[in-house]
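Read through the structure below, which is laid out as structure tokens, and then see the notes.
Throughout, read-outs are computed from the coordinates displayed, never taken from laboratory work. Because the structure is a prediction, the values reported are computed rather than measured. Heads up, the Cβs are rebuilt from the backbone with ideal geometry, glycines too, and the neighbour counts pull from every protein chain shown.
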Amino acid sequence: MLIAGNWKMFKGPHEARTFATQIRHLPERATGTEIVLCPPYVALQATVQGLGEGSDVRVYAQNVHWELDGAFTGEISAPMLAELGVKGAIVGHSERRQLFGETDETVGRRAEAALEAGIAVIACVGETEGEREAEQTEAVLRRQVEALPRHERLVIAYEPVWAIGTGQTATPDMAQEAHAFIKSLHPTRVLYGGSVKPENARVLLAQPDIDGALVGGASLDAVSFEAICLAGAEPVVG
Ligand code: PEP
């Protein structure tokens with residue numbers, strides 16, 4: 001199980017460090033669950049430092065550029081992230097696709113560059129409400145998934161756009177169906193994202209093809225993030 005918290009444009013270095021200090025020992029209780037925090041760029045270093053040397057919580061960026069360096073104002077490369085102790089990056093989040101002109105091609109290039117530099121990738125895919133209503137879900141997922149490289153360090157996050165930040169979650173059956181379809185195209189772990197909360201995490205994570213969650217809003221609070229991480233953990237025996 002992999003639970004990743006996407007903080008979007010929330011939390012500067014001070015708040016990020018405090019949060020990281022609070023949850024640094026969480027993996028010891030969340031048996032079998034990998035935990036990832038994705039702070040904004042300016043808070044990456046503070047998060048790494050707040051977790052400290054001994055923590056198994058990993059830090060990923062929310063995006064990464066495809067070149068190593070160059071005249072790309074506002075962009076950050078994978079080796080720069082690795083130098084900070086960052087272990088991976090999200091690519092293709094729907095907010096990047098919808099608000100910042102990200103395309104399947106640029107998402108694929110970002111993923112390839114990150115993998116080449118030795119860091120991991122969470123690649124986001126998902127249909128809009130209009131695409132689902134027009135019965136285009138599978139066609140959209142196929143197009144987005146086929147633009148991604150195949151690599152052991154790449155996981156896919158299925159995030160139906162209509163469920164992100166809306167409080168409207170895909171039903172477990174709907175999510176399971178989409179995950180199984182994605183896995184038929186690309187054999188990798190698939191996380192679910194879209195209004196995951198402590199109240200719905202357990203039933204979603206119990207689906208056979210849901211291998212974890214990418215959590216936005218509910219990852220901003222340490223108590224609710226912890227509850228989601230524990231919902232995905234193996235039950236303690238004995
Ligand atoms: C996200 O940002 O990837 C996300 C799924 O957000 P939320 O959990 O707030 O819907």
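In table form, for the structure just shown:
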item	result
With eigenvalues of the C-alpha gyration tensor scaled by 5 and rooted, the chain, Å	25, 23, 15
4 °C / 1.567 mPa s Stokes-Einstein diffusion coefficient of segment 138-206, Kirkwood radius on C-alpha pairs, µm²/s	103
Within straight-line cross-link reach of K183, aspartates and glutamates at Cα separation under 13 Å, skipping those fewer than 8 residues along the same chain	E138, E146, D209, D211
Contact order normalised by residue count of the chain, Cα under 8 Å, 6+ apart, percent	20
Taking only Cα atoms of segment 93-227, radius of gyration then Dmax in Å	14.2, 39
Compactness of segment 26-157 as Cα Rg over 2.2 N^0.38 Å, two decimals	1.12
Cα centre as origin, Lys/Arg/Asp/Glu Cβ charges: the chain dipole, Debye	460
T18-V223 FRET efficiency (beta carbon distance; Förster radius 22 Å; 0.05 resolution)	0.95
GNM result for the chain, Cα springs below 10 Å: residue of E135, E112, E102 fluctuating most strongly	E135
Aspartates and glutamates whose Cα lies under 13 Å from that of K197, excluding same-chain neighbours fewer than 8 positions away	D221, E226
Alpha-carbon Debye profile of segment 1-75, log10 I(q)/I(0) at 0.11, 0.15, 0.16, 0.18 Å⁻¹	-0.30, -0.53, -0.59, -0.71
Lys/Arg +1, Asp/Glu -1 at C-beta; the chain dipole; positive extreme among H14, G74, Y41	H14
Computed over segment 176-238, Cα set: Rg, Dmax in Å	12.4, 39
Packing-based order for 120-127, 166-173, using average beta carbon neighbours within 10 Å, highest first	120-127, 166-173
Electrostatic dipole magnitude of segment 1-76 [Cβ: Lys, Arg +1; Asp, Glu -1; Cα centre; debye, to 20]	340
FRET efficiency estimate (nearest 0.05) - Cβ-Cβ, R29 to L185, R0 35 angstrom	0.50
Among Q62, Q207, Q98, residue whose mean-square fluctuation peaks in a GNM of the chain (springs only between Cα atoms under 10 Å)	Q98
